[in-house]
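Let me begin by presenting the structure, written as structure tokens, before commenting on it.
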């Protein structure tokens with residue numbers, strides 16, 4: 001870090017001697033996407049966490065696989081409070097940890113899933129393969145283990161069952 005100015009100091013919003021930057025440079029001090037709170041330019045890998053620059057972590061290197069990615073995002077398994085901190089997604093329902101996106105059980109309904117309740121247990125309304133179990137509300141067959149009764153209850157029902165709103169094999 002550069003020596004601090006004796007005039008107003010870092011954080012007053014005015015770039016002074018010894019500072020690379022100071023807030024927005026026109027009177028508004030504090031961290032910005034371009035400037036760390038230490039009045040140094042924000043660069044991923046500089047060892048200064050700058051959440052305004054969308055960093056979830058900054059471990060002072062650009063190495064993947066050490067918990068903090070080369071893009072300064074928390075890697076899978078690390079603690080998190082928000083999706084924006086993670087390489088994947090932050091599972092807020094099960095331990096506040098970063099998990100790969102597009103994974104059943106991460107608490108986020110991803111492509112191909114009808115539900116995702118943060119676990120991979122059956123018989124809780126959302127199956128272990130992240131499809132809505134019988135009796136759950138639906139809008140499309142692709143969300144359900146069985147079929148979605150779009151003509152009646154708008155709930156998931158077993159397929160091949162008379163009265164489920166779908167003309168199944170053997171029915172007329």
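The values are calculated or read from the model by the stated rules, or taken from the named source; none is laboratory data. Please read these numbers as outputs of a predicted model, since none were measured by experiment. Backbone-built Cβ (ideal geometry, glycine too); neighbour counts: all protein chains shown.
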Given 56, 45, which one is more than 18 Å from residue 10 (Cα to Cα), free of Cβ contacts under 8 Å to residues at least 60 places away in the same chain, in contact with a helix residue (DSSP H, G or I) (Cβ under 7 Å, 6 or more places away or on another chain) and part of a loop (DSSP other than H, G, I, E, B)?
-> 56
Look at residue 90 and say whether it is surrounded by 18 or more Cβ atoms within 10 Å (Cβ to Cβ), within 30 Å of residue 127 (Cβ to Cβ) and within 16 Å of the chain's Cα centre (by Cα).
-> yes
Among 58, 46, 83, 24, the single one that is in contact with a strand residue (DSSP E or B) (Cβ under 6 Å, 6 or more places away or on another chain) and either more than 25 Å from residue 97 (Cα to Cα) or surrounded by 14 or more Cβ atoms within 10 Å (Cβ to Cβ) (or both) is 83
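Confirm whether residue 69 is modelled with pLDDT of 95 or more and crowded, with 20+ Cβ neighbours inside 10 Å.
yes
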Failed criterion for residue 82 (all others in (1) at pLDDT 90 or above; (2) at positive phi hold) = (2)
For residue 141, indicate whether it is surrounded by 13 or more Cβ atoms within 10 Å (Cβ to Cβ) and in contact with a strand residue (DSSP E or B) (Cβ under 6 Å, 6 or more places away or on another chain).
-> yes
The residue from 101, 127, 123, 153 that alone is free of Cβ contacts under 8 Å to residues at least 12 places away in the same chain and either within 28 Å of residue 85 (Cα to Cα) or out of contact with any helix residue (DSSP H, G or I) (no Cβ under 9 Å at 6 or more places or on another chain) (or both) is 123
What is the number of the single condition among (1) part of a loop (DSSP other than H, G, I, E, B); (2) surrounded by 15 or more Cβ atoms within 10 Å (Cβ to Cβ) that residue 98 does not meet?
-> (1)
Yes or no: residue 156 assigned to a strand (DSSP E or B) and either under 12 Å from the mean Cα position of the chain (by Cα) or farther than 30 Å from residue 53 by Cα (or both)?
-> yes
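Only one residue in 91, 117, 124 is at pLDDT below 95 and over 30 Å from residue 46 (Cα atoms). Which one? Give the steps one after another, and end with the answer.
Numbers: 91 fails: over 30 Å from residue 46 (Cα atoms); 124 fails: at pLDDT below 95.
Just a single option satisfies the conditions, and that option is 117.
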